[in-house]
Structures are given as C-alpha cells and as structure tokens.
Amino acid sequence: MEQTAKILVLLGGVFILAGGVVYLLSRLNINFNRMPGNFVYSGENMTVYIPCAASILISILLTVTLNIIIRMMNK
C-alpha cells in the first residue's frame, strides 16, 4: 500500500509539472496546434484535425519521462 501511495504522489507531481509547462508555453505564445505534420482538412460543413506530429512528440516525451521514473524507483 505504501508503494501505491508513492506512485500516486509521483504521478501527481508529474501532472503538476506538465500543467506548468503547458501554461508557460501558452504564455510564451508557443502553439502546438500548427506544428508541421499536423493535418487539417476543412470541408464545407466540417473540419477534421489530425495531430500526428504532436502525438508523436508527446509519446516520445512520455516514454522518456516514464522510463526515467521507473529506473529511479528500481534503485
């Protein structure tokens, strides 16, 4: 039970850190909506937004972050 509590506290810290980074990036006018590799199709009655580049970037960042956290917990 103690291990679960540590994991939840650590995940909470990660979410707070991620929220702070997103907040700071928005204050600096850095927008992830118009990255190269994100596709937008605007039809007559609809708009389809496919964020391929943003999804890949987020996936890489989460993979690296979680691997570092897991390795720190196993020591």
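Numerical summary
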item	result
The range 26-75, residues that are among the polar types (S, T, N, Q), surrounded by 10 or more Cβ atoms within 10 Å (Cβ to Cβ) and part of a helix (DSSP H, G or I)	Ser26, Ser55, Ser59, Thr63, Thr65, Asn67
Residue list for the range 1-28, restricted to those being of a type in the set (Ser, Thr, Tyr) and within 18 Å of Ile58 (Cα to Cα)	Tyr23, Ser26
Ile30 free of Cβ contacts under 8 Å to residues at least 12 places away in the same chain and either in contact with a Phe, Trp or Tyr (Cβ under 6 Å, 6 or more places away or on another chain) or over 18 Å from Leu66 (Cα atoms) (or both)	yes
Search result, residues across the range 20-75 that are within 18 Å of Ile7 (Cα to Cα) and either of a type outside the set (A, V, I, L, M) or assigned by TED's automatic domain parsing to the domain that holds Lys6 (or both)	Thr63, Thr65, Asn67, Arg71, Asn74, Lys75
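The values are calculated or read from the model by the stated rules, or taken from the named source; none is laboratory data. If you're wondering where the values come from, they're calculated on a predicted model, not measured in any experiment. Using ideal geometry, Cβ is built from the backbone for each residue, glycine included, and neighbour counts are taken over all protein chains shown.
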